Amino acid sequence: MTRTAISVVNYIRDSLASLLHVYNDRRMGFLLLMGFASGMPLYLTGTTLGTWLAFEGTGLTAIGLFSLVGVPYSLKFCWAPLVDGYSPPFLGRRRSWMAVTQIALMAALTVMAFSRPDQGLSLIAVAALVVAFLSATQDIVIDAYRVDLLEPREFGAGAAVYTVGYRVALWVTGSVALVMADYVGWTAAYLVMAACMAPGLYASLRSPEPPNPGTPPRSFGSAIVDPFREFHRRVGPSGAVLALAFVALYKLGDNVVTNMTAPFLLSEGFTQTDIGLVRGTLGLVASILGVVAGGALMSRMGIWRSLWIFGLLQAGTNVFYFALAQSGGHYPLMVVTINLEYFAQGLGTAALLAFLMSLCHRDFSATQFALLTSFMALNRDVMASQAGMLAEAAGWPAFFLLSVVLAAPALLLLWWMKGRYGGLDAVPRSVSI
């Protein structure tokens, strides 16, 4: 190897080491385990549970109704003030709640494991609803803990490692659990999944207490009112509207395409196996690489510049779907398109979560983060629900071009906020937009 080549290799190695240095912190390892614990219950009360019910011969109507057990995830802001205002008298303000909910989740998942859907659905329905409620509560606390623990320059890395853990948990509960059920049965599979909550419990017991965990609200009434009052005082009426609108719109174009990816690929002649292999394996890896890269880059570029760049990349990957729609089912292009989409999704997810963290005040991080994530879910659950209608009316090529346009409002809002309130990346604790 020539001296020039060696110099290039050393430069690349040193640059990567410098870029990834933000992850060289034991706190990031704990956040990874917490993300894993946070992701474990979702599929076990959703798609994996639906598979179990179908295996036991449960009717489609009943399986469809089981989706209602996920309602606590959408309503978690209702009891987030209780988490902000009160905590068990051990392990600190956040870690105590984490430990309690994780132990309770193990117990509730064990009850689910010993349920017999073929003999009646009442027990498993109640247990699944309890799991969803406890899981939503765990999410509230872990999100608040992440805000309390990290400094602004670490928000991106913290969001990234949490997301990696979360997505690995989705793979475990959505793929490994199904394979296990084929070999050892559903009861054993769910018992193993319950045991997989143990790493999260370990993280709750061993992770450090935030250096400045904030001051709990003085009363139940203040726990409800003060998070809104503080946010309104800090950002102002127009700032609040801008921030909430941006949160709701930032991933709109991306979510519109995600909702329609499978129908589009099937219409282009790709098989379910093609889609499953590329999305479930290569796509997962690309997504993880995206969030890791996003977290590292944000530590250098700051949240606002990252939101700009990653938002443009999210929109740009949809152009590849436009090309795929006119390629006649070109397999290599399909692989490239899906991997670029998932990588850009990972970047955008890391940036948006870091932005949400930057908007929260330590005293009310549980309530404020829960409310902000409700707005983040707005485009995924409501706005993007019209994607099928748009695709039918416009046709696939025009639909994908339209999805690029749908990314513009959020970027315009970002430009407006940055233009009116400069220097935001330098704000030490929270972003005062």
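The values are calculated or read from the model by the stated rules, or taken from the named source; none is laboratory data. Note that the structure is a prediction, hence the values are computed from the model and not measured. Don't worry about glycine lacking a Cβ; one is built from the backbone with ideal geometry, like all the others, and counts go over all protein chains shown.
Look at (1) more than 24 Å from the chain's Cα centre (by Cα); (2) in a helix (DSSP H, G or I) and you find that Val241 fails only one, number (1).
If you check Gly92, Gly85, Gly120, which single one turns out to be in the same structural domain as Gly59 (by TED's automatic domain parsing) and either under 20 Å from Gly39 (Cα atoms) or in contact with an Asp or Glu (Cβ under 6 Å, 6 or more places away or on another chain) (or both)? Gly92 is the lone residue from the list that is in the same structural domain as Gly59 (by TED's automatic domain parsing) and either under 20 Å from Gly39 (Cα atoms) or in contact with an Asp or Glu (Cβ under 6 Å, 6 or more places away or on another chain) (or both).
Exactly one residue among Leu413, Leu424 is within 30 Å of Pro81 (Cα to Cα) and modelled with pLDDT under 85, and that residue is Leu424.
Checking the stated criteria, Val130 turns out not to satisfy the condition of being surrounded by fewer than 19 Cβ atoms within 10 Å (Cβ to Cβ) and among the hydrophobic types (A, V, I, L, M, F, W, C). Only one of the numbered conditions (1) touching a helix residue (DSSP H, G or I) at 6+ places or on another chain (Cβ under 7 Å); (2) over 30 Å from Ala113 (Cα atoms) is violated by Leu191, and that is (2). Please work out which residue is surrounded by the fewest Cβ atoms within 10 Å (Cβ to Cβ), limiting yourself to the stretch 49-87 and to residues that are part of a helix (DSSP H, G or I) and free of Cβ contacts under 8 Å to residues at least 12 places away in the same chain. For the stretch 49-87, the residue satisfying everything is Thr61. Looking only at residues in the stretch 30-46 that are assigned to a helix (DSSP H, G or I) and either of a type in the set (Ser, Thr, Tyr) or not assigned by TED's automatic domain parsing to the domain that holds Leu65 (or both), the one that is modelled with the highest pLDDT is Ser38. Among the residues of the stretch 222-247, those identified as under 24 Å from Asp84 (Cα atoms), aliphatic (A, V, I, L, M) and crowded, with 16+ Cβ neighbours inside 10 Å are Ala223, Ile224, Val235, Ala240, Ala243, Leu244, Val247.
So that you can scan it fast, the table gives a plain yes or no per residue for (1) of a type outside the set (S, T, N, Q); (2) in a helix (DSSP H, G or I); (3) under 28 Å from Phe270 (Cα atoms):
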position: Leu289; (1), (2), (3): yes, yes, yes
position: Val292; (1), (2), (3): yes, yes, no
position: Ala296; (1), (2), (3): yes, yes, no
position: Arg300; (1), (2), (3): yes, yes, no
position: Arg305; (1), (2), (3): yes, yes, no
position: Gly316; (1), (2), (3): yes, yes, yes
position: Phe322; (1), (2), (3): yes, yes, yes
position: Pro332; (1), (2), (3): yes, yes, yes
position: Thr337; (1), (2), (3): no, yes, yes
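Within the stretch 144-162, not a single residue is among the basic types (Lys, Arg), more than 26 Å from Asp363 (Cβ to Cβ) and buried (at least 17 other Cβ atoms within 10 Å of the Cβ). Per the listing Asp139, Asp84, the residue uniquely over 17 Å from Gly200 (Cβ atoms), in contact with a Phe, Trp or Tyr (Cβ under 8 Å, 6 or more places away or on another chain) and among the acidic types (Asp, Glu) is Asp84.
Take the stretch 203-221 and flag every residue that is surrounded by 15 or more Cβ atoms within 10 Å (Cβ to Cβ) and assigned to a helix (DSSP H, G or I). Residues satisfying the conditions are Ala203, Ser204.
Please work out if Ala128 is part of a helix (DSSP H, G or I), at pLDDT 95 or above and either more than 21 Å from Phe220 (Cβ to Cβ) or not assigned by TED's automatic domain parsing to the domain that holds Cys196 (or both). No.
Within the stretch 244-271, the residues that satisfy the criterion of being part of a helix (DSSP H, G or I) and over 25 Å from the mean Cα position of the chain (by Cα) are Leu266, Ser267.
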